[in-house]
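Encoded as C-alpha cells, the structure appears first; notes follow it.
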Amino acid sequence: MHGSPELPLSFTLNGDAVSVEADPAARLLDLLRYDLGMTGTKEGCGEGECGACTVWIDGLPADSCLVPAFQVDGREVRTIESVDPARLGPLLSSGATQCGACTPGVVMTGLWILENPGLLRSHAIRELMAGNLCRCTGYDGIIEGIEAALGTRS
Amino acid sequence: MKVERPRALAAALGLLGDAAAPLVPLAGGTDLLVHWPVRPDARTRGYLDLQRLDELRGIRWSEDALELGALATYWDVITDSRVGAEFPILVEAARQVGAIQIQSRGTWAGNVANGSPAADGVPVLMAFGAVIVLESRQGRREVPLDAYYSGYREGARREAELIVAIRIPRRAHALQRFVKVGPRRAQAIAKVGLAVARSEEGWRVVAASVAPTVRRCRAVERRLEERGLPGSPEELDDALRADVAPIDDLRSTADYRARVLARVLFDATRKGGA
Amino acid sequence: MERIEGLAKLTGRERYVDDLQVDGALWGMTVRSRAPRGRIREIRFDPAVDWSEIVVVDHRDIPGANEVLLIEPDQPVLAAERVRHVHEPVLLLAHPSREVVRRAAHAIEIEVDPEPPYLDVSVPPRPDQLQRGEDNVFKRLRIEKGDVDTALARAARVVEGEYRTGAQEHVYIETQGMLAWEENGVVFIKGSLQCPYYVHKAAIRALGREPDGVRIVQAATGGGFGGKEEYPSMIALHAALLTLAADRPVKIVYDRGEDMEATTKRHPAIVRHRTGVDADGRLVAQDIDVVMDGGAYVTLSPVVLSRGIIHASGPYRCENVRIHGRVMLTNSPPHGAFRGFGAPQTHFANERHMDVVAAAAGLDPIELRRRNLLLDGDETATGQRIVDGVDRIALLDQAVDLSGWREKEAAHAELARTDPWLRRGMGLACFHHGAGFTGSGEVMLASRLDVAGLPDGRVEVRSANIEMGQGTLTIFTAIAAARLGLAPSEVAIAEADTGRVPNSGPTVASRTAMIVGRLVEEACDDLRLRLGLPADARGEEIRQAVREHARATGEETVGRAEYEPPRGVLWDDATYRGDAYAAYGWGAYVAEVEVDLRTWATRVVDFVAVQDVGTVLHRTLAAGQVQGGVAQGIGWALMEECRWKDGAMQNAQLTNYIVPTSFDLPPIRVHFGETPWPGGPMGAKGLGELPIDGPAPAVVNAVARAIGVAPTEIPLTPERLMDLDRRAEGRHARIA
C-alpha cells in the first residue's frame, strides 16, 4: 500500500520474545494495537502530550506514539497487559480511574514510581505524573492511589 | 520510506555520505514523530536510526569538559548526580522538558538539531559555552553552539554530517540560572526561556522563544559587564531590544515575551549575583 | 463497594470503539469544508488517486432526510449546496487502509464561492451576514420578576459590569468514534456516546428507517462531559452511510486534531450585569443580559441558553430580576453541550460581579453573600420557592473556615510586604445547579426503565443511561442492591443497546443518579409487586421468587418504571415562571492563588469545595466528580483558550490547547453537606455539573484580590493579566 518494505524486528514484550515484520511508518503504538492486538495501550493525542500510550522501554516510561516501531528492536517493552491486577487495589479504591481512557498510561507511570521509590527523594509524585493528562479525576484519586500503594498514606 | 539502521558510527557516516536524498537522523523521536501518521512528509523521507549506535550513548567527563554523547537523554542528565552538582541548571532544564515520557527518550543532540527557537535544552548548553561536535566521513569539526544557528531551524550541520557529541567546558560558575516560562508548570512549550551563567569568562545570557533561534544576548552581556547589575527590569530594555525580536503567535504575544524576559532576567541576575 | 468496571479499566481490558477489531472493516474519513460560509461550486478529485478503490459518499447517498435531527432539523448530515462553518462535513470516504483514506482526503478540493461570515456576537450582523431571520438570533428567552426599573432607580447604589467567557474544549481522552455494520437488514451503530436514543432518533430520520431498523449500542466511552451528547449522532450517521455504501463494516475514529477542530465546544458568552443594592448591601434589583455564540446550527443552543439564564442571578434573594438572553448563529462550528450547559458562563459573570458589588458597597465578599444568599422559603428569579432544608449560609461559612481565609489573608498581606514578586489572594464563589432537564423537560422525556429478574435469581437493570467515567454502573448497582437487599454481584446492568433497553433518557444534565436512579428504585418496587411479594421483601425472598417465577412461566419478570414529576413541581414554558428544576445542588468554593509578578502566571495553591447534593451515594465517586469538575473549571479559568481565526480553531492540538496537569493543581479538598432530598434515590440529588460552576469565579476573584485588578474575562491568561496589571495604578513590583 505504501510501497515500503516491512522491517524485521525482534524484541521482548512483557517478558516474551517477539519477532515481527513492521511497516517502517508504524509507531510502537500502532504495532501494539493493530498488529499485535494489544489494545490496552491507548491513543489520546498522537503528539506526546497526554501519556495515554505510555509503555516502558528498557524500564523507563515512554510515549509509544512517539517511538517508531523499528526502534524497539532489541529492547525490552512492557505494556499494561503485563500488570498484575492484584497490585491495583489501592488505585481502584482511591478512585484513580473514571472513564479509563488515560488509565493504562497512568498505571504504567504509577507503577514505575512504585518500583522506583527512590525517585521521590528528588521528585514529587505530581511532577512525575505530569506526563499523563487525566480529564476526569482532577488527579487526586490518582495521586492518593499511588501514595497508598507506596504506603506513604494512611 | 527508507530506514537505515546501522550498528556502527562509521557505517552511519557512510550512509549519510552516500545517500542520494538526505537522510534524517532519528534519535529519540520525540520531535520527529509528533503527528507522524498525519504528517504529509513523514513517509516520503528517509531516516537514519541512531539507536543502535552504542558509541554515541552516555555522558563522559574529562578534566576540562563534560561531553554528552549524541544519544544522551534528558533522563541520563537528571539522574547523574555529578551533573547535578556541577551543572545544576542542566538538570533543571532537563526536568522541564515535557515529562518523564519525553525525558526518557529525548536527546540533547536532538534538541540542538531540531533547532526550535523554543528549545529547552539549547539555552543552558549555550550559556555554558557548549561546542557541537559534528562528524562526517571527511572527519570531525566543532562549532560553538552560539554560532550554530543561522536562521529559523537552520543549523550548521551539513547533510553528510552527524552531531556526535556536545562538549561543555567545565568552568567555575558564580551564578547559573534557568527560567522557563510556559503556559503551565509541566509538559509545556516555552513562551520565554532564559539561561544565565557567570564564570571567569564573564556573563553569558541566552534567551529562547524571543527570536527565530535560541539567541545569545550579547548586548545584555555587555551591559552587565560594563554597568553591573540593573536596578530595574526596564534598565535592560535597550540591550534586550538589540538582542531579541519577539513576535505574536499562537502561544503568546510579543509584548508579553519582551516584558517577561526583562523581568525574569532582572531577577535571575540579582539572585546570588553581584 | 468498588467501581464496577474499575479493574477492567485499570488493566486496559475495557474495550473502547477503537479497540473493537472487526474483520473486513474499512476506515472511514470525513472530508470537510475549509471555508466558514459559502456556496459549493465544485468538488475536485485529484486524478493521481485511484478513486475506484475508495468508497465515496455525498449528500445524494442519504436515504432519508439530510438532517441531524435534534431540536431543529437545520443541520445537514453532509453539506449539499452550501457550507456554514469551517470543518463542516461534505464528503465521506472509506478504504481498508487508514493511510490510503487519509491521503485520499487530502486529494480532494472543495471549491467554495465565499459569502461573508458572521463571527463576532458582540457586534450586530450586517445585512449580508444574515442567515437566520432578521438578526441571526436562534433563540431569545426572558425571565421577569418584580419591577427592575423602579428598583434600580431607588437603589442606594447601582453597579454595572460586563463579563466574557471563552469557548472550552472537552478534551475527553478518548476521541470520538463509531463503528457501523448491517446485519439482517438492521443497521448497527456502536461507539462512544452519551445518548443512545438521540443517535437512534437521528438515525431513523436520516437513514429513512423504521425504529427497529436501526440499533444503537454504546461502547465503553472514554469521557464525555457533554461533548458526546449531540456530536456522536453526526459520526454515527457518517459511519452508517459508509457501511450502506460499502456493504462492509466501517469504523470512523477521529484523531485529536479532527476531534478538536470539528466537534462542539462550550458556548462563548458575554454577560452584562446592572445590579442595585440598598444601603446594607442587599440586592434590590438584578438586570442581566446574556448573549451566547451558538455556532452555525441550532443543535442544543436554546436549552443551553435556558439553563444559562435560569442560573444567571445566582443563589440569591432579590425581588426584582430581569434576565434577557439570546443565542446567535455564527459561522463557527456549532457550540454545544459541555458540563454545566450554560450555567458556568452565567455563574462566572454573577460571582465575579458579586465581588465588584461588594467592593462598591464597602463590604467584604463573604459578608455580601451572607446577606443575600437564599434562605429556605425564599424565591428564585423564576419564582420557585426553595424549601429543601439546606443552610446555604452554613455552607459558605464552612468553606471559609476550612480554607483558613482569615489567617491566610494576614499572611498574604505580609507576603506582599516582603516579597518583590509573589502575591497571594483568596477568592470565593457561591452557586447552585439544577438537576435534571429544565422546566417541563423531564415530563416530556417520560423516561422509562426496567429491572428484570433473571432465571438465575439475579436482577438486571435495563436503562439507556451510560457509563462514561462518572459512575453510572456502580451507582445503579448500589441503588438496586440496596432496594432489593441483594449483593452488588447479584445486580447486572444491561449494555446500553436500543434493541434491548427502554429509553430512560440521555446521560446528561446531572440527571442520571437523581432522576434515573429514582426510576431504578421504582422499577425494583414494581418487580417486587409483580413477583407478588410484600413491600418489605428483600434478599432471599426476592432471589427465590425471581427464580421460581422464571421456572414456572419460562419468562423473566420485568419491573417497570416511568418518570412522574414530584408532586407540586410546576413550570410554565410560556412565561418562564415556576419550578425550573425539581432540586438544586448548592456550592461554596474557596480558592487560594499565587500570582508571580515576574510572569503574571497564576497558580492555584489551595482549593476547598463545599457542596450539598443531598445524600452522597458513593463517597469516592462523588469526590472524584467534584475534583474532576474543579480541575476543568480551573483550566477554563486560567489556561484553556480556543484561538479562532476566520471561524476555525487554530490551536487544535494538545500542545497548544493547554489543560492542567497533575503538577498544576493542588489537592482539591472536598466536603459534602448531606441534606437528604426525598425525591431522589436514598435522598440524593444531581452532582455531575455543579463542580464546574464555582472554580472559575473563585479563582478569578482570588487573583483580583491578590494583585488588585478587576478581571472580567476568562481564561485569565498571564498575557491578559499583564495587560490588566499594567493598566492598574500603583501596581508595580517593589524592587528589593
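The values are calculated or read from the model by the stated rules, or taken from the named source; none is laboratory data. In this text the structure is predicted, and so the values were computed from the model without any measurement. A quick note on method: Cβ atoms are made from the backbone with ideal geometry, for glycine too, and the neighbour counts reach across all protein chains shown. Ligands, DNA and RNA are excluded from the accessible area calculation, which covers all protein heavy atoms including side chains. Shrake-Rupley method; radii C 1.70, N 1.55, O 1.52, S 1.80 Å.
Hey, any hits in the stretch C:179-199 for a residue that's more than 14 Å from every other protein chain (Cβ to nearest Cβ) and under 14 Å from C:Tyr254 (Cβ atoms)?
Looking through the stretch C:179-199, none of the residues is more than 14 Å from every other protein chain (Cβ to nearest Cβ) and under 14 Å from C:Tyr254 (Cβ atoms).
Residues in the stretch C:314-321: is at least one charged (D, E, K, R), more than 26 Å from C:Asp74 (Cα to Cα), in contact with a Leu (Cβ under 9 Å, 6 or more places away or on another chain) and buried (at least 24 other Cβ atoms within 10 Å of the Cβ)?
no
Which of the residues spanning the stretch C:457-475 are touching a helix residue (DSSP H, G or I) at 6+ places or on another chain (Cβ under 7 Å), more than 14 Å from chain A (Cβ to nearest Cβ) and surrounded by fewer than 24 Cβ atoms within 10 Å (Cβ to Cβ)?
Within the stretch C:457-475, C:Gly457, C:Arg458 meet the criteria.
List pairs: first residue in the stretch A:123-139 and in the same structural domain as A:Ser94 (by TED's automatic domain parsing) and over 17 Å from A:Thr103 (Cβ atoms), second residue of a type outside the set (A, V, I, L, M) and at pLDDT 95 or above anywhere in the structure, Cβ distance under 7 angstrom, at least six positions apart or on different chains.
That search, which allows pairs on different chains as well, returns A:Arg126/C:Ser662; A:Arg126/C:Phe663; A:Glu127/C:Phe663.
Can you name the strands (runs of 3 or more DSSP E) wholly within the stretch B:14-127 that have at least 2 residues being touching a helix residue (DSSP H, G or I) at 6+ places or on another chain (Cβ under 6 Å) and more than 13 Å from chain A (Cβ to nearest Cβ)?
Fully inside the stretch B:14-127 and qualifying: B:65-69.
Kindly list the number of the only condition in (1) within 27 Å of B:Arg5 (Cβ to Cβ); (2) in contact with a helix residue (DSSP H, G or I) (Cβ under 9 Å, 6 or more places away or on another chain); (3) open to solvent by 10 Å² or more (accessible area, probe 1.4 Å) that fails for B:Val131.
So B:Val131 meets the others, but not (1).
Please find, among C:Ala343, C:Ala337, C:Ala358, C:Ala349, the residue that is of a type outside the set (D, E, K, R), in contact with a Leu (Cβ under 6 Å, 6 or more places away or on another chain) and buried (at least 24 other Cβ atoms within 10 Å of the Cβ).
Result: C:Ala337 is the single residue among C:Ala343, C:Ala337, C:Ala358, C:Ala349 that is of a type outside the set (D, E, K, R), in contact with a Leu (Cβ under 6 Å, 6 or more places away or on another chain) and buried (at least 24 other Cβ atoms within 10 Å of the Cβ).
Has the stretch B:143-154 got at least one residue that is crowded, with 23+ Cβ neighbours inside 10 Å, in contact with a helix residue (DSSP H, G or I) (Cβ under 6 Å, 6 or more places away or on another chain) and not in a strand (DSSP E or B)?
yes
Residues that are surrounded by fewer than 21 Cβ atoms within 10 Å (Cβ to Cβ), more than 14 Å from chain A (Cβ to nearest Cβ) and in a helix (DSSP H, G or I): does the stretch B:182-205 have at least one?
For the stretch B:182-205, residues surrounded by fewer than 21 Cβ atoms within 10 Å (Cβ to Cβ), more than 14 Å from chain A (Cβ to nearest Cβ) and in a helix (DSSP H, G or I): absent.
Within the stretch A:1-16, is even one residue within 21 Å of the chain's Cα centre (by Cα), open to solvent by 20 Å² or more (accessible area, probe 1.4 Å), within 11 Å of chain C (Cβ to nearest Cβ) and closer than 19 Å to B:Leu33 by Cβ?
no
Do we find a residue being more than 14 Å from chain A (Cβ to nearest Cβ), under 22 Å from the mean Cα position of the chain (by Cα), open to solvent by less than 10 Å² (accessible area, probe 1.4 Å) and of a type outside the set (A, V, I, L, M) anywhere in the stretch C:235-250?
Among the residues of the stretch C:235-250, not one is more than 14 Å from chain A (Cβ to nearest Cβ), under 22 Å from the mean Cα position of the chain (by Cα), open to solvent by less than 10 Å² (accessible area, probe 1.4 Å) and of a type outside the set (A, V, I, L, M), which makes the answer no.
Taking B:Ile100, is it modelled with pLDDT of 95 or more, crowded, with 24+ Cβ neighbours inside 10 Å and β-branched (Val, Ile, Thr)?
Yes, satisfied.
Quick check on B:Glu55: is it in contact with a strand residue (DSSP E or B) (Cβ under 8 Å, 6 or more places away or on another chain) and not β-branched (Val, Ile, Thr)?
yes
How many residues, within the stretch C:598-617, are more than 30 Å from B:Asp255 (Cβ to Cβ) and in a strand (DSSP E or B)?
8
Listed residues C:Asp388, C:Asp376, C:Asp401; which is in a helix (DSSP H, G or I), at pLDDT 95 or above and among the charged types (D, E, K, R)?
Exactly one residue qualifies, and that residue is C:Asp401.
Okay, residues lined up against (1) assigned to a helix (DSSP H, G or I); (2) closer than 30 Å to C:Arg339 by Cα:
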position	(1), (2)
C:Leu519	yes, yes
C:Ala523	yes, yes
C:Asp536	no, no
C:Arg543	yes, no
C:Ala550	yes, no
C:Arg560	no, yes
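Looking at the structure I just gave you, is C:Gly257 within 21 Å of C:Pro315 (Cα to Cα) and either outside any strand (DSSP E or B) or among the basic types (Lys, Arg) (or both)?
So C:Gly257 does not fit the description; no.
Looking at the stretch B:1-42, which of its residues are under 19 Å from A:Pro8 (Cβ atoms), open to solvent by 30 Å² or more (accessible area, probe 1.4 Å) and hydrophobic (A, V, I, L, M, F, W, C)?
B:Met1, B:Ala11, B:Leu15
Looking only at the stretch B:223-249, which residues are surrounded by fewer than 21 Cβ atoms within 10 Å (Cβ to Cβ), over 22 Å from the mean Cα position of the chain (by Cα) and hydrophobic (A, V, I, L, M, F, W, C)?
Residue satisfying the conditions is B:Leu229 alone.
Are there any helices (runs of 4 or more DSSP H) wholly within the stretch B:216-274 with 3 or more residues that are within 14 Å of chain C (Cβ to nearest Cβ), and if so which?
Result: B:254-270.
Give the residue, chosen from A:Gly95, A:Gly51, A:Gly131, that is more than 13 Å from chain B (Cβ to nearest Cβ) and open to solvent by less than 20 Å² (accessible area, probe 1.4 Å).
Result of the check over A:Gly95, A:Gly51, A:Gly131: A:Gly95.
Give me the residue from the stretch C:183-212 that is assigned to a strand (DSSP E or B) and of a type in the set (A, V, I, L, M) and, out of that set, most open to solvent (accessible area, probe 1.4 Å).
So, considering only residues that are assigned to a strand (DSSP E or B) and of a type in the set (A, V, I, L, M), the one most open to solvent (accessible area, probe 1.4 Å) is C:Val186.
Within the stretch C:213-234, track down each residue that is part of a helix (DSSP H, G or I) and either buried (at least 24 other Cβ atoms within 10 Å of the Cβ) or within 14 Å of another protein chain (Cβ to nearest Cβ) (or both).
C:Tyr231, C:Pro232, C:Ser233, C:Met234
Which of (1) within 12 Å of chain A (Cβ to nearest Cβ); (2) closer than 16 Å to C:Ala513 by Cβ; (3) open to solvent by less than 40 Å² (accessible area, probe 1.4 Å) does C:Asn656 not meet, given it meets every other one?
(2)
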